[in-house]
Amino acid sequence: MAGQGNAMDMSETGICYLVGAGPGDPGLVTLRARECVEAADVIIYDALSSPEILRWAKPGAELVFVGKRARNHAMPQDEINALIVRETEAGRKVVRLKGGDPMVFGRGGEEAAELAAAGVAFEIVPGISSAIGGPAYAGIPVTHRDHCSQLTLFTGHEDPTKEESSIDYAQIARAPGTKVFLMGVARLREIAAALVDGGAAPETPIALVRWATTGRQRTIQGTLDDIADIAEQADFRSPAVAVIGGVVGERERINWFESRPLFGRQVVVTRTRAQAGVLSRALSDLGAGVIELPTIRIEPPEDRQSFAEMVTHAHEYDWLVFSSPNGVERFFDAFFAVYGDARSLGNPRIAVIGEGTAKKVREYRFEVDLVPEKFVAEGLVEAFKGESVENLTMLWVRAEEARDVIFDGLAALGAIVDECIAYRTVAETGDPTGAAERFRDEGADLVTFTSSSTVEHFFALGLPWPEGCGAASIGPITSAALRKHGVEPVLEADQHDIPGLVEAIRGHFAGDS
Ligand code: SAH
């Protein structure tokens, strides 16, 4: 590799990774890209179709946005070059993150040359280019044995009517096979005309895919002759990838992504950044566009000392009661920080609220003895009525801000309950992915709430509620919190956990359309 220079010990010296972030769907990045993002001290990034990738950054990593955003100009290229060189020379692990593939109309080559000239170490991590991945998500293979054996890729950035255009449109028009161009929406009319002038058949099929591979994907289709009018009527804008040729016809048969049940719907996920992933993934697997707008964060309890002491004494209880997956995680992390042997937990029985909480307990290889049918505190108290708990000791592992139902209910049954405060929920103040701005600009069809604290903290942000947007609630307590803010949920999950919520959302939109 040219850029390694005389670097001997890579852990001591800086390195710059030129990383492709893929076309948008966060699943479409390489394993290497994820490793680099996780290890980075500083991430210098452009406008990405899905900034969710940034959530993989380690805590404390510096995130520097250098792209173009609504009202801001991008940082000039020479300043970006100077910045990546300077940060790398300072001994840091630098990730230069770019949409698609860094070497496809991404100036990755220029940045690599700068790094090479400065004699610092660098690595190129290719990504999936929108030029190929974009059409695939619209059901268009860029090559196909029935249609072509050649692919031409060009930029639509240059004005074809200008003398000095470096693109020979007549030559492109004459070239057999598929043509793909990026950055061409603004000049679509001129490009199509130049190709027809150059000898391409006016009826040649063309499709444009906007925000490809994300929940906001939209595709228009026509011929070289009418595509500019179609785009105008549809108010079709960048960023889009255009694909020209017989392959466009394949879309009729293999348009897989746009036929998913939640395709075209924008859904907001308000849970903690750490927990958002499972819900986001399930929603985007159904085709939804997801904005992760975490409103809360989980922090250690105010009184860490007494939490640690209670965990240490957990083996003395007859029952351990967990009311959330967070509590389970905090409890066992603290437990195994003290004890190296699982048997130190002794033999208390374990009760939980919700399948999600049960699943978490099983992750630590402990079995659950009691899961109430109803996934709420009242359900747990109800379930204990079938047990004889009088004078039995219970350790209830809870959040600082929990309701009193469990304590009062179990005490009323004669149990001796100690409360072990394992964590507290605080407002998430950071927004490294610009999610609040996206929510403001683009709106949404649905905002999901997975606890009453997500409701409280969401409304504390003071964001305007988009017109026609619904609220989705995981259960009755969350719904009650929403009503307190004057919002009647459009749906409430029958089963009060994430799979239950996803199912309810699917049903909601199925009934809707
Ligand atoms: N390096 C990038 C291209 C950067 S140029 C890549 O390999 O994809 C920016 C152009 O890429 C946009 O104007 C648009 O034409 C295209 N593009 C990037 N992401 C896109 C997406 N998700 N959907 C459609 N087009 C996209």
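The values are calculated or read from the model by the stated rules, or taken from the named source; none is laboratory data. None of these values were measured; they are calculated from a predicted model. Here the Cβ is made from the backbone with ideal geometry for all residues, glycine too, and neighbour counts use every protein chain on show. Accessible surface areas use protein heavy atoms only, side chains included; no ligands, DNA or RNA. Shrake-Rupley method; radii C 1.70, N 1.55, O 1.52, S 1.80 Å.
Return the percentage of antiparallel bridges among DSSP beta bridges fully within the chain, rounded to the nearest 5 %. Don't skip to the end; give the middle numbers.
On the way: 22 of 75 bridges.
So the antiparallel bridges in the chain amount to around 30 percent.
When the Kirkwood hydrodynamic radius is evaluated over all pairs of different C-alpha atoms of the range 84-156, what value in angstrom, to one decimal, is obtained?
14.5
Along Cα→Cβ, 7 Å out, is where each label goes; now give me the distance between the ones at ALA383 and GLU467 in nm to one decimal.
4.6
Helix 77-89 against the longest principal axis of the chain: what's the angle in degrees, Cα atoms only, rounded to the nearest 10?
Approximately 50 degrees, to the nearest 10.
Where a Cα-Cα gap under 20 Å defines reach, which aspartates and glutamates qualify for LYS162, not counting those fewer than 8 residues away within the same chain?
GLU190, ASP197
Rounded, prolate or oblate: which one fits the range 102-207, using the alpha carbon gyration tensor with axes a ≥ b ≥ c (rounded when a/c is under 1.5, else prolate when a/b beats b/c, else oblate)?
Oblate is the answer for the range 102-207, as a/c is 1.5 or above yet b/c matches or exceeds a/b.
Using only the alpha-carbon atoms of the chain, report the extent along each of the three principal axes, biggest first, to the nearest angstrom.
90, 61, 43
Quick one: putting +1 on the C-beta of Lys and Arg, -1 on the C-beta of Asp and Glu, what dipole do you get for the chain around its Cα centre, in Debye to the nearest 20?
640
Mind checking which lysines have their Cα closer than 24 Å to the Cα of LYS484? Skip sequence neighbours fewer than 8 apart in that chain.
LYS374
Report the FRET efficiency, 1/(1 + (r/R0)^6), for GLU367 and ILE254, where r is their Cβ-Cβ distance and R0 is 51 Å, rounded to 0.05.
0.65
Given an 8 Å cut-off on Cα distances and at least 6 residues of separation, report the relative contact order of the chain as a percent. Kindly include the intermediate steps, with their values, before the conclusion.
Working: 1055 pairs, mean separation 55.7, N = 513.
Over the chain, the number comes to 11 percent.
Give the residue from SER388, ALA411, GLY354 lying farthest towards the positive end of the charge dipole for the range 307-422; charges sit on Cβ (+1 for Lys and Arg, -1 for Asp and Glu) and the dipole is referred to the Cα centre.
Toward the positive end, the furthest listed residue is GLY354.
To make sure I understand the rule: partners must be lysines, Cα under 25 Å from the Cα of LYS98, and not fewer than 8 residues away in the same chain. Which ones qualify?
Leaving aside lysines fewer than 8 places away in the same chain, those within reach of LYS98 are LYS58, LYS68, LYS179.
Probe radius 1.4 Å, ligands and nucleic acids left out: which of SER324, SER166 has the largest accessible area, and how do the rest follow?
Sorted descending by solvent-accessible area, the residues read SER166, SER324.
Per residue, what volume in Å³ does the convex hull of the Cα atoms of the range 307-422 enclose?
Considering the Cα atoms of the range 307-422, their hull volume per residue is 85 Å³.
What GluC sites (Glu not before Pro) does the range 277-341 have in DSSP loop regions with at most 15 other beta carbons within 10 Å?
On the way: sites: GLU292, GLU302, GLU309, GLU316, GLU329; in loops: GLU302.
Those satisfying the criteria are GLU302.
Report, to the nearest whole %, how much of the accessible area of the range 184-295 belongs to carbon and sulfur atoms, 1.4 Å probe, protein only.
That fraction is 48 percent.
Charges at C-beta only: +1 for Lys and Arg, -1 for Asp and Glu. How large is the resulting dipole of the range 232-360 about its Cα centre, in Debye rounded to 20?
280
Probe of 1.4 angstrom, ligands and nucleic acids ignored: what's the accessible area per residue over the chain, in square angstrom? If you can, show how the numbers build up before the last one.
On the way: 23650 Å² over 513 residues.
Per-residue value: 46 Å².
Along the positive direction of the dipole of the chain (beta-carbon charges: Lys, Arg +1; Asp, Glu -1; about the Cα centre), which of VAL426, CYS469, ALA282 reaches farthest?
Ranked along the dipole, the leading option is ALA282.
Using a/c under 1.5 as the rounded threshold, could you call the range 132-259 rounded, prolate or oblate? The axes a ≥ b ≥ c are square roots of the C-alpha gyration tensor eigenvalues, and prolate needs a/b larger than b/c, oblate otherwise.
oblate
About its Cα centre, what dipole magnitude does the range 7-128 give when the only charges are +1 on Lys and Arg Cβ and -1 on Asp and Glu Cβ, stated in debye to the nearest 20?
Rounded to the nearest 20 debye, it is 420 debye.
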